[in-house]
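Read the figures in this text as sums done on the coordinates, not as results from a lab. Everything quoted here is computed from the prediction, not taken from an experiment. Note: ideal-geometry Cβ built from the backbone for every residue, glycine included; neighbour counts use all protein chains shown.
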C-alpha cells in the first residue's frame, strides 16, 4: 500500500461519514484526524501499516489539502509543519507558500500542523522545530507545495470558466482569464480545487527568483498584532469546559520518590482543593483554581525517599555541586576520542619553541523561556485523549504519550499552541515536562486538567545547557603563526546525555564549534573525554556552539597575542584560502567603521576596546565585533556588529530581529547568567537568583546580511555563538585580563 | 468583592490575598495578562491600576477594590494605548510575544504620565524582561512614540 493520498479516493471515503462542506472536510481529513492520512483508518501499529510507511514513496509536501484551506473570504489557512516560538517561521512559511501560490502572505492564517507523516517536509526526513532547520530544510518543498496548490486552482478555474488552462494566469488571490477579462477569486474556486487530484510534482514550474514579490522582502509578521494586544494564545492560556487546574511540588532531587504526606488531610481541607495526588517524583493538587492548587501543593509536607537502584530517571546525588563538577572536568585526563586529527599534533607540540596552554570552562544554563511549562489533557467520552502542550516535535511527543498511556496513536490528538519562547526547552526530555502528569491527573479525576508548573518548579526540573572544560595546547612557528592546536574537551553532549550513554560515534552536539573550524592550521586535534554527569542536559539555543566557539575563539586570540599578531589580521591570514569567510570578516570590519582594536577613549571619556570572533553554526557563517568598557568593575557592552552569511534568506527583517535576539541571549550567558547547583539542588528557583539579561545591559546591534548564494543555512541560532568570544577578546584587550570562564559576573575587572 | 476592570464591574469570590493576576486569568478568563515568575521579577503580568503600572502577580486583589484596573484586553480603548499597539506592530517588536502584553502596558503607563519622557525616564520605566531579546525594538518603539524618531 502506498501512503500517498489519492484525493478522489479520500474524498469518497470521507463522504460516508462527513457530509459537510467539502473543502473543509477534506482539510480536516488530512489533518485533525491525521492517522487517516497514513492508514485510511487502519489502526496504526499493525504490520501492514508499518510496512506501508516503511515503503512510502509519497514525495514530501505534496498532499496539498493537508496543508491548505482557502476560505470563501480568500483567507488562506496554512497548517505549518513548524512551531512558532518567536523565530518567525509562520511568517516565513506564509511567504514561501504564498510566493508560489500567488497569495499575499498578509492573507494567511497560520497554525501548527498536528502530528502526521504528511508534514514531514524537511530534506533530512525529520519533523522537528530546532537546529535552525525549518526554512533551510524545507524551502524547495514548501515552494512546490504552493505551486501545486496554484496549479489546482488554475485547473478549477479552467473548468469553471470553460476555457483551456493555458489561457489562464494568476494575480495575488485570483485566477485571471485575460482574453475575456474575467477573473475568479481563489476563495470561489478553492472548494472545487481541493477536490482535484494533486498534479504530478514534477509538472509545476517554480517562479524565477528575480520575480519574487515576498521571498527576500521584509514582509510583516503574521502574528505581530495578536502578540501586541494579548490576543495570542499559548498553552498556558487554554481552557476547555469542565476543566480543573493542577499544580505540583517536585522532589527536591530528581529520582527521589514520594513517601508519607504528613499533612494530607489538612491540605485536602484547604480552600478550593479537589484532590491530592501522588505522582512519580512529585505530589499534585487538583483544584478549581490554579492559585488554590499552587498554595495547597506547596503546603504539603512530604517525606521524600532517596532514589532506588532501579530509578528510571538519572538520580541527582545529594552532594552534587556544579563548581566541583567543573573542577573535576578540568582535571579529567581521559581517555579521549578524536573527532578531528590532522598532521602530527603531538610531534609539533613536543618540539615547538613557542607553546601556549590554557584551560577554559563554561557554566550550566537554564532556558528561562518566559512562559512556564504547562499541559492540558482531556479524555473524551470515547476514551480518546486530547493534549495541548508546548513542543518542538509533535510526532515524538505523540509517540511518547502513546507509550505512556498504552493508547494507539490514532486515539491521541495533539495540539501545539504558540510557544512563549523555547530556545530548545520543548524537546522530549523525560521528567522535564508536565504533560505526563497532566494526563495522569486527568485520568484520575475524570475531568480535563490543566497543569502549570510554577516558575520555581520549572527551575527545579528544567534540563541544563551542558558544561565542558577544555584543555588547549598550541604551538607557533618562528614567525608567530599558529602551527598546531589541540583541544581536549571533557564534556557530555546533550544528545548522548538524553541517550544515557556515549554512542558508537561521537556526539556532534558535544564538540561543534571546536570541530568544524575553517582556519588553516596544519596540525590539529579535537577530542572528547566523555564525562557523564548527574545533571539532566538538554539543547539550548545554538547547542554545542554556545560554549565551544567561546573557548576556541578566545584561545585563538591568545595565540595572536603570543605571536604578536593582531587578532583580525591573524584570522584573515588563517582564512586566506577561504573567500567566503574572508569576505565576511571584511564585511563586519566595514560595518564597524573599520577594524579598530583599541584600547581607545570614546567620546564620553570612557576607555574602550573591541574584540572580534567568528563562528560557523548550523550551516551559516558569522563574524562579530564587540565594543566594551568597564563600569563599576563589570563589563559594559556598547555595540555588537554582526555580519551573517546564511547563503540566502527569506525575510531580512526577521533575520535582523533574530540576530538581535541571539545577541541578547549571547550577552546574557556572557555577562550574568549561570545555573549554580549546591548539595544536589539549584541555587536559583526564580529570576531573583538567576539573572537574565535586563534591558539596561543590552547592546546596540548592527547587522549586515551577506548573501553569498551558498547552500541556505540557519537563522535562529547562528548569531549567538560568536558573541561571547568577541566580548571576551575585547575585555582582554582593554584590561589585560583573559577571561577563561563564564559568566563575567564571576570576575572583577579594573 | 467588587472589581472595576476595563470600565466594567465584576463580582468576584476570592480571598483578599489572592494575586490580582490569577483573578484576572482564572476567575475572569482574561488571559492576555501573563504569568512569568510570580515574584515581580519579569513584568509579564503588568497591568494598570489607576493609570500606574503594577505587577499583578504580587498585587493582592483586595488592594485594587475601588480602583480602576486596565488590562491588555482594553488597551486599544485608550488613545495612548492604541498608539503604542500600532507602533509595536509597525516596528515588529514581538518575537514569541509572551512578555509583550506587559511591555505594552509599561509603555502605555509611561507615555500617559509623560508624553515626552527623557532617555533616562524611558530606561527607568521599561525594565520588564524579554528572553527573546527584543529590547532594542522596544527601545526604538518607545522612542518613536516619545517623538524622538529612531534612536
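Assign one of three labels to chain A, namely rounded, prolate or oblate, based on the Cα gyration tensor with a ≥ b ≥ c the square roots of its eigenvalues; rounded applies when a/c is under 1.5, prolate when it is not and a/b is larger than b/c, and oblate otherwise. Oblate shape, in that a/c is at least 1.5 and b/c is the bigger or equal ratio.
Per-residue mean of foreign Cβ neighbours for B:10-23 is 2 (Cβ atoms of other chains, 10 Å radius). For residue A:501 and residue A:260, the FRET efficiency from 1/(1 + (r/R0)^6), where r spans their Cβ atoms and R0 equals 51 Å, is about 0.90.
Here the calculated FRET efficiency for residue A:211 and residue A:689, from their Cβ-Cβ distance with R0 = 45 Å, stands at 0.25, rounded to the nearest 0.05. Placing pseudo-labels 7 Å out from each Cα toward the beta carbon at residue A:520 and residue A:679 gives an inter-label distance of 5.8 nm. The range A:203-251 and the range A:81-153 have their alpha-carbon centroids 13 Å apart. Across the range A:246-374, C-alpha contacts under 8 Å between residues 6 or more apart give a mean separation that, scaled by the residue count, equals a relative contact order of 25 percent. Working from Cα pairs under 8 Å separated by at least six residues, relative contact order for the range B:2-73 is 40 percent.
From least to most packed, judged by other beta carbons within 10 angstrom and beginning with the fewest, B:24, A:630 follow the order A:630, B:24. Relative to the longest principal axis of the Cα atoms of chain B, helix B:135-145 runs at roughly 80 degrees.
Measuring from centroid to centroid over Cα atoms, what is the spacing of the range A:380-436 and the range A:179-202 in Å? So the two Cα centres are separated by 36 Å. Using the Cβ-Cβ distance between residue A:408 and residue B:50 with R0 set to 41 Å, the FRET efficiency works out to roughly 0.15. Relative to the longest principal axis of the Cα atoms of chain B, helix B:79-90 runs at roughly 60 degrees. Peptide B:25-31 shows a mean partner chain C-beta count of 4 within 10 Å per residue C-beta. Ranked by the mean number of other Cβ atoms within 10 Å of their residues, highest first, the peptides A:253-264, A:97-108, B:136-147 come out as A:97-108, B:136-147, A:253-264. Ranked by the mean number of other Cβ atoms within 10 Å of their residues, highest first, the peptides A:711-723, A:505-517 come out as A:711-723, A:505-517.
With helices as the sole contributors, chain B gives -9000 deg cm²/dmol at 222 nm; each DSSP H run of n ≥ 4 counts as -39500 (n - 2.57), and the sum is divided by every residue. Each residue, residue A:577 and residue B:82, gets one label point 7 Å from its Cα in the Cβ direction; the gap between the two is 6.6 nm. Determine the shape class of the range B:2-73: with a ≥ b ≥ c the square roots of the Cα gyration tensor eigenvalues, call it rounded for a/c under 1.5, and otherwise prolate if a/b is greater than b/c, oblate otherwise. Here the range B:2-73 falls in the rounded category. Each of A:160, A:501 was scored by other Cβ atoms within 10 Å of its Cβ. Listed from fewest to most, they are A:501, A:160. In terms of the Cα gyration tensor, with a ≥ b ≥ c the square roots of its eigenvalues, is chain B rounded because a/c is under 1.5, prolate because a/b exceeds b/c, or oblate? Prolate shape, in that a/c is at least 1.5 and a/b is the bigger ratio. Packing here is the average count of other Cβ atoms within 10 Å per residue, and on that basis the peptides A:125-131, A:728-734, highest first, run A:728-734, A:125-131. Each label was represented as a point 7 Å from its Cα along the Cα-to-Cβ direction; for residue A:596 and residue A:124 these points are 4.1 nm apart. With contributions of -39500 (n - 2.57) from each DSSP H run of at least four residues, the per-residue ellipticity at 222 nm computed over chain A stands at -9000 deg cm²/dmol. For chain A, the antiparallel share of DSSP beta bridges with both residues in that region comes to about 75%. Remark: mean inter-chain Cβ contacts per residue of A:239-246 equal 1, using a 10 Å Cβ-Cβ cutoff to other protein chain atoms. Each residue in A:547, B:3 was given a count of other beta-carbon atoms within 10 angstrom of its own, and listing them fewest first yields B:3, A:547.
Once each part is reduced to its C-alpha centroid, what is the distance from the range A:279-318 to the range A:506-578 in angstrom? Cα centroid to Cα centroid, the span is 41 Å. For chain A, the relative contact order comes to 13 percent (Cα pairs under 8 Å, sequence separation of at least 6).
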